[in-house]
Amino acid sequence: MKKIALYVLLTLLLSFWWVIPRFSQANGNHPLLLSFGKPGSKQGEMALPYGIAVGTDGLLYVTDLVNNRIDIFNQEGKFLRSFGRQGTKPGEFLGPEGIACSTSGNVYVAEPEMNRIQIFSSHGKFLNVWNKMGSKPGEFYHPSQIAISKNGMIYLADTGNNRIEEFTPTGKFIRAFGKYGMNNGEFEHPTFLAFSPSGDLLVVDMENDRIQIFSPNGTFISSFGQIGFQSGDFNNPAGITVNLNHKIYVVDSGNNRIEEFNLDGTFLSEWGKKGKEKGEFNNPTGIAVNSNGDVFVVNSGSDQIEKFK
């Protein structure tokens, strides 16, 4: 009877092997170089880090969501400084998420719960705030992420209004595109943004489990991705970035892995799995690449930054 039961069990497992999530158990062409950070509220510690950006100074700027501050590290993981504290006044934070650095060195930070964008110098000096809550053109509701184009225009994921808005560096509204839906050019909870080297805008359409690509003026170009567990699928995609070789890296947060694609959406590779060991992921969120092609992943649930080749 035991042999029969074992045979039946093996037959069932083989019959349904295709629905079992399969993930890369090794990092393949992207070995782990460095892991830094630990839980806490002291300087150099983090509590639910979320977004990450590489500044023109080569430093890493990380939104430390629960500690309500921006933490700054060098690319070898050495903590340098932080700025911000909990509060609602200019220069203070209440749940900072998105972050982007301009070529002039300014740091743009999105606070969804405060419905505002704050602008700082690279040393943390408060410069300006945009707080235009609403649904009219130029207003926003729960803005979550920011990207800056090659010509310095600011693109904002107006998540609550399911659209993308474009502003000048001083906050003048230029255009908006997108609306709620599942068709091309429509969104359900747009979040992370990135520009390709050629200037196209990539938008993470989180609840639709896809990536959409637009021209800088908002014209829809293409999309790729679907919900699932197989290679090339997504389960609540989060961070996105594009390297100088036009390779797209997407944080597949729900599947605890990083996926790599060509600009046409062709799947290339993946790495990572759920876990707490170095090189494994626990609800990863933000991602960024440096000029050398190194990949930095915010391993939010583990309060760490992972650096891969």
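The values are calculated or read from the model by the stated rules, or taken from the named source; none is laboratory data. Here the structure is a predicted model, which is why all the values come from computation and not from measurement. Cβ coordinates were reconstructed from backbone atoms using ideal geometry, including for glycine residues, and neighbour counts include every protein chain displayed. Ligands, DNA and RNA are excluded from the accessible area calculation, which covers all protein heavy atoms including side chains. Shrake-Rupley method; radii C 1.70, N 1.55, O 1.52, S 1.80 Å.
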Query - the range 239-264 and the range 114-148: distance between their alpha carbon centers, rounded to Å - result: 26
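Considering only DSSP beta bridges with both partners in the chain, what is the antiparallel share in %, to the nearest 5?
On the way: 77 of 83 bridges.
Close to 95 percent.
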Query - Computed over the range 241-297: relative contact order in percent, which uses C-alpha pairs under 8 Å that are six or more apart - result: 31
Requested in this report: Could you tally the net charge around Leu268, taking each other residue with its Cβ under 9 Å from the Cβ of Leu268, Lys/Arg +1 and Asp/Glu -1?
Outcome: -2
Report summary line: For Lys273, the lysines lying under 23 Å Cα to Cα, once residues fewer than eight places off in the same chain are dropped, come out as Lys38, Lys247, Lys307, Lys309
**Report entry** Rounded accessible area of Glu113 (nearest 10 Å², 1.4 Å probe)
**Finding:** 120
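Quote the charge dipole size of the range 159-239 about the Cα centre in Debye, to the nearest 20; the model charges only the Cβ of Lys and Arg (+1) and of Asp and Glu (-1). Intermediate results must be reported in sequence, preceding the final value.
Details: 5 positive and 9 negative charges, 58 e Å.
Charge dipole, the range 159-239, about its Cα centre: 280 debye, nearest 20.
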**Report entry** Listed residue (Phe173, Thr159, Pro90) projecting farthest to the positive dipole end of the range 77-204, Cβ model
**Finding:** Pro90
Report task. Would you mind calculating the relative contact order of the chain from Cα pairs under 8 angstrom and at least 6 residues apart, reporting the percent as a whole number? Result -> 15
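With r defined as the distance between the Cβ atoms of Thr103 and Met133 and R0 fixed at 22 Å, what FRET efficiency is calculated, to the nearest 0.05? Walk me through the intermediate numbers first.
Values: r = 29 Å, r/R0 = 1.30.
For Thr103 and Met133, the calculated efficiency is 0.15.
Where Lys and Arg each count +1 and Asp and Glu each count -1, what net charge lies around Leu59 among other residues with Cβ under 13 Å from its Cβ? All intermediate terms of the calculation are to be shown ahead of the outcome.
Details: positive: Lys78, Arg81; negative: Asp57, Asp71, Glu76.
Result for the local shell: -1.
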Query raised in the report: In degrees from 0 to 90, rounded to the nearest 10, what is the angle of the helix 2-15 Cα long axis to the longest principal axis of the chain?
Result: 40
Report summary line: Taking every other residue with Cβ under 12 Å from the Cβ of Ile213 and scoring Lys and Arg +1, Asp and Glu -1, one gets -2
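Could you tell me which of rounded, prolate or oblate describes the chain, using a ≥ b ≥ c as the square roots of the eigenvalues of the alpha-carbon gyration tensor, with rounded for a/c under 1.5 and, failing that, prolate when a/b is larger than b/c and oblate otherwise?
Details: a/c = 1.90, a/b = 1.42, b/c = 1.33.
Prolate.
If Rh is defined by the Kirkwood formula over all Cα pairs and Rg also comes from Cα, what ratio Rg/Rh do you get for the range 151-272? Please list the in-between numbers first.
Numbers: Rg = 13.7 Å, Rh = 14.3 Å.
Rounded to two decimals, Rg over Rh is 0.96.
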Requested in this report: Return the aspartates and glutamates within reach of Lys132: Cα separation strictly under 16 angstrom, same-chain partners fewer than 8 residues apart disregarded; answer none if there are no such residues.
Outcome: Glu111, Glu113, Asp158, Glu165, Glu166
Requested in this report: Return the FRET efficiency for the residue pair His246, Phe36: r is the Cβ-Cβ distance, R0 is 30 Å, and the value is rounded to the nearest 0.05.
Outcome: 0.60
Query raised in the report: So for Lys273, Lys309, what's the accessible-area order with a 1.4 Å probe, most first?
Result: Lys309, Lys273
Query raised in the report: Among the lysines, which fall within straight-line cross-link reach of Lys179, defined as a Cα-Cα distance under 17 Å, with same-chain neighbours fewer than 8 residues apart omitted?
Result: Lys136
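Roughly speaking, what is the stretch gain from Phe267 to Thr56, that is 0.36 nm per residue apart minus the C-alpha to C-alpha distance, in nm to one decimal? Working shown, then result.
On the way: separation 211, 0.36 × 211 = 75.96 nm, distance 2.99 nm.
Residue separation times 0.36 nm, minus the Cα-Cα distance, leaves 73.0 nm.
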Query - Förster radius 41 Å - calculated FRET efficiency between Lys89 and Asn29 (Cβ-Cβ, nearest 0.05) - result: 0.35
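Given a 1.4 Å probe, how much area per residue of the chain is accessible, in Å²?
Details: 13820 Å² over 309 residues.
Here the residues of the chain average 45 Å² of exposed surface.
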